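Heads up, the thing below is written out as C-alpha cells.
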Amino acid sequence: NEVTRARCHFKEGDAFVADGKFENAAASYGKIKSGPYYDEARYNLADALARSGKKDEALKLFEALAKDETSSNKTRMDAALRIASGDSAAGRYESAIEVFTKIIEHDAVKTNPKSRVFLQALEGRGRAYYRAYRYREASSDFEQLAKLRPDIEKEMLFFIALCKYGEGENIDARALAQKLLKEKLADVKRQFAEQATVCHEGYCKREEVAE
C-alpha cells in the first residue's frame, strides 16, 4: 500500500545519505507525496538537495517548510534553523538574527529553554550578534548559554571576554581572559598528572609481570 511504499522510499533515501549519494537520496525522498513520512521526507529532501550542491532549490524548500502550518513544529523549527544558519554563514547577520529570534520566541520553543532547537537558535543568534559587532546582545546570549550548557561554559566565557573587548571594557575582558587561562592551565596540569599516574601504574604492572 501507499504507506509501505513511502516507508521503503524513506529507508532508501536514508541509505543513499549514508553512502553520500545525496542526489539519489533527494530522488527517493521526493517520491513521497503524502502520509506519515511526508513531513520528515520533505525536510530530508531539502537537506539532501543542499548537500548535493543545489543550495537555491534547498532554500526554497526550507522556506516553504518553515511557513507551512500543516508541518510539525519540529520540521518548521528545523527548517527555520537551516535558513538562519545559511544567512549567518553568508554574512546576512541581521536577517539571521531576525529568524533566530523568531525561533527562540516561538511558543513551542520558548517554554523549553533546554531543548535542542532553543539552544541552537540561541547560540546561532549570539554568534550572529558578535559578527555584526553587536557585542552587548551577543554577550547576553552567551551568558545565558553558559548557564544552560555547562559543557560549553568555558567556550562561552571566552566569547564573553571577546565581547567585552569589543565594547571597550578592556579591564574586565582581561580579568576574565586571565581567569580562563588559569583554569585551562590547571586542567592541563591535572590531565598530565592523571596520565603520569596511569603510565606509572602501567610501568609497575609490567615490572611485576617481568619478575
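Yes/no per residue for (1) among the aliphatic types (A, V, I, L, M); (2) modelled with pLDDT of 95 or more; (3) within 19 Å of the chain's Cα centre (by Cα); (4) closer than 25 Å to ALA84 by Cβ:
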residue: ASP19; (1), (2), (3), (4): no, yes, no, no
residue: ALA25; (1), (2), (3), (4): yes, yes, no, yes
residue: SER28; (1), (2), (3), (4): no, yes, no, no
residue: GLU57; (1), (2), (3), (4): no, yes, no, yes
residue: PHE62; (1), (2), (3), (4): no, yes, yes, yes
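Restricting attention to segment 91-101, does a residue exist that is closer than 28 Å to GLU23 by Cα and out of contact with any helix residue (DSSP H, G or I) (no Cβ under 7 Å at 6 or more places or on another chain)?
Within segment 91-101 (the criterion being closer than 28 Å to GLU23 by Cα and out of contact with any helix residue (DSSP H, G or I) (no Cβ under 7 Å at 6 or more places or on another chain)), the answer is yes, since at least one residue qualifies.
Could you tell me whether TYR165 is in contact (Cβ under 8 Å) with a residue 12 or more places away in the chain and open to solvent by 20 Å² or more (accessible area, probe 1.4 Å)? Please lay out each step first, then the result.
Numbers: in contact (Cβ under 8 Å) with a residue 12 or more places away in the chain: no; open to solvent by 20 Å² or more (accessible area, probe 1.4 Å): yes.
Here the answer is no, as TYR165 does not meet what is asked.
I want to confirm something. Restricting to segment 33-49 and keeping residues that are crowded, with 21+ Cβ neighbours inside 10 Å and among the charged types (D, E, K, R), which single residue is farthest from PHE100 (Cα to Cα)?
ARG42
Quick one: how many residues across segment 136-151 are under 20 Å from GLU183 (Cα atoms), free of Cβ contacts under 8 Å to residues at least 24 places away in the same chain and open to solvent by less than 90 Å² (accessible area, probe 1.4 Å)?
Residues that pass the stated criteria total 3.
Here's the yes/no breakdown for (1) touching a Ser or Thr at 6+ places or on another chain (Cβ under 6 Å); (2) acidic (Asp, Glu); (3) open to solvent by less than 40 Å² (accessible area, probe 1.4 Å):
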{"position": "LYS21", "(1), (2), (3)": "no, no, no"}
{"position": "ALA26", "(1), (2), (3)": "no, no, yes"}
{"position": "ARG51", "(1), (2), (3)": "no, no, no"}
{"position": "ALA58", "(1), (2), (3)": "no, no, yes"}
{"position": "GLU69", "(1), (2), (3)": "no, yes, no"}
{"position": "ALA89", "(1), (2), (3)": "no, no, no"}
{"position": "TYR93", "(1), (2), (3)": "no, no, no"}
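Do you know which residues across segment 152-162 are crowded, with 20+ Cβ neighbours inside 10 Å and either among the aromatic types (Phe, Trp, Tyr) or not in a helix (DSSP H, G or I) (or both)?
Initial filter on segment 152-162 (crowded, with 20+ Cβ neighbours inside 10 Å): 156, 159-161.
Selection gives PHE159 alone.
What helices (runs of 4 or more DSSP H) lie completely within segment 64-128 and have 3 or more residues being more than 16 Å from the chain's Cα centre (by Cα) and without any contact (Cβ under 8 Å) to a residue 40 or more places away in the chain?
Numbers: elements: 73-89, 93-104, 107-110.
In segment 64-128, 93-104, 107-110 are the helices (runs of 4 or more DSSP H) which contain 3 or more residues that are more than 16 Å from the chain's Cα centre (by Cα) and without any contact (Cβ under 8 Å) to a residue 40 or more places away in the chain.
Tell me which residues, restricted to segment 91-108, are aliphatic (A, V, I, L, M), modelled with pLDDT of 95 or more and more than 9 Å from ALA128 (Cα to Cα). Steps first, please.
Step one: filter segment 91-108 for residues aliphatic (A, V, I, L, M), giving 96-97, 99, 103-104, 108.
Still in the list and also modelled with pLDDT of 95 or more: 96-97, 99, 103-104.
Passing the criteria: VAL99, ILE103, ILE104.
Which ones in segment 47-65 are more than 19 Å from ASP14 (Cα to Cα) and touching an Asp or Glu at 6+ places or on another chain (Cβ under 9 Å)?
At the first step, the residues of segment 47-65 found to be more than 19 Å from ASP14 (Cα to Cα) are 55-57, 59-60, 63-65.
Within segment 47-65, just LEU65 meets the criteria.
Would you mind telling me which numbered condition in (1) within 29 Å of LEU148 (Cα to Cα); (2) surrounded by 14 or more Cβ atoms within 10 Å (Cβ to Cβ); (3) out of contact with any Phe, Trp or Tyr (no Cβ under 9 Å at 6 or more places or on another chain) ARG127 fails?
Condition (3) is where ARG127 drops out.
The values are calculated or read from the model by the stated rules, or taken from the named source; none is laboratory data. Every value quoted in this text rests on a predicted model; they were computed, and no experiment measured them. Note that each Cβ is placed from the backbone with ideal geometry, even for glycine, and that neighbours are counted across all protein chains shown. Remember, those area values only see protein heavy atoms, side chains included, never the ligands or the DNA or RNA. Shrake-Rupley method; radii C 1.70, N 1.55, O 1.52, S 1.80 Å.
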